[in-house]
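The values are calculated or read from the model by the stated rules, or taken from the named source; none is laboratory data. The structure presented is a predicted model; accordingly, all values stated were derived computationally and were not measured. Please note: Cβ atoms are built from the backbone with ideal geometry, for glycine as well, and neighbour counts cover all protein chains shown.
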Amino acid sequence: MSERATYRGITESAINGGRAMALTVAVLHLLLLSPVRSQAQRAGRAPSQALPDPPHDSEHPPGDSGYTATGDDVMDLLWRRSDGYFHEGDYANAIRLHRVIVQFEPDFTEAYSVGAWLIESLGREKEALAFLKEGLSKNTASYHLYFEIGFFYFKRKEYADARNYFAEAIKYERPSHVDRMYAHACEKQGDLGASLEMWKSIVVANPADAVAARNLARVESKLNSTRTR
């Protein structure tokens, strides 16, 4: 079945799906069925010259946030189509779809982080940060967007802001790289003591982590050298 036929089938099955579903389907028609030229075509650039793959996993589309099965199908298509736009080099439409996705599934933090990555890749840094903060305002009980905003600042060597957001991220269940970035931000900010304590906790949690052990030894040596001056 063609993509157009698939969307048409979803439209027909969603007629009685309620106002939110009707609006979703309308957005599908506006964004997915209208003919558009990709950004790569407009710029005379082949899709193969596009940006490297973003942190976007099209095999794991948005999860269940209370939508009907039809609603999940629509969100799945939006997510996959945004990935398609990216690989075509049409970043503007990929971003548009991410903005649509978060309107209907505001707790899908990956849509915010990937959308912000795309916006930032186009040089629109303030807009990217604003999109991340919009997502954070709706997802304050998750580490994810605190971390993404912290990393945004860290890349720009704004270590105080980076540390503040990483500090919020580590209050929630999180992967280990969040703790590592907090330790690095503390060190970059000049707080070797806080950095050392975080590296210690990482090593205690995983004694076999050789990289963390080396960072612990390095920061400890650095701290000791400052004390002997």
- Task: Return the only residue of P54, P106 being part of a loop (DSSP other than H, G, I, E, B), under 25 Å from F147 (Cα atoms), modelled with pLDDT of 85 or more and under 14 Å from the mean Cα position of the chain (by Cα).
- Result: P106
- Message: I need the full set of residues from the range 76-93 which are surrounded by fewer than 23 Cβ atoms within 10 Å (Cβ to Cβ) and either assigned to a helix (DSSP H, G or I) or modelled with pLDDT under 85 (or both), in order please.
- Response: D76, L77, R80, R81, D83, G84, H87, E88, Y91, A92, N93
- Of all residues making up the range 199-213, the number that are among the small types (G, A, S) and more than 27 Å from the chain's Cα centre (by Cα): 3
- Note on the structure: Scanning the range 147-163 for residues that are crowded, with 17+ Cβ neighbours inside 10 Å and either among the polar types (S, T, N, Q) or under 9 Å from A185 (Cβ atoms) (or both) gives G150, Y153, F154, Y159, A162, R163
- Of the conditions (1) over 27 Å from the mean Cα position of the chain (by Cα); (2) within 22 Å of E148 (Cβ to Cβ), L196 clears all except one; give me its number. (2)
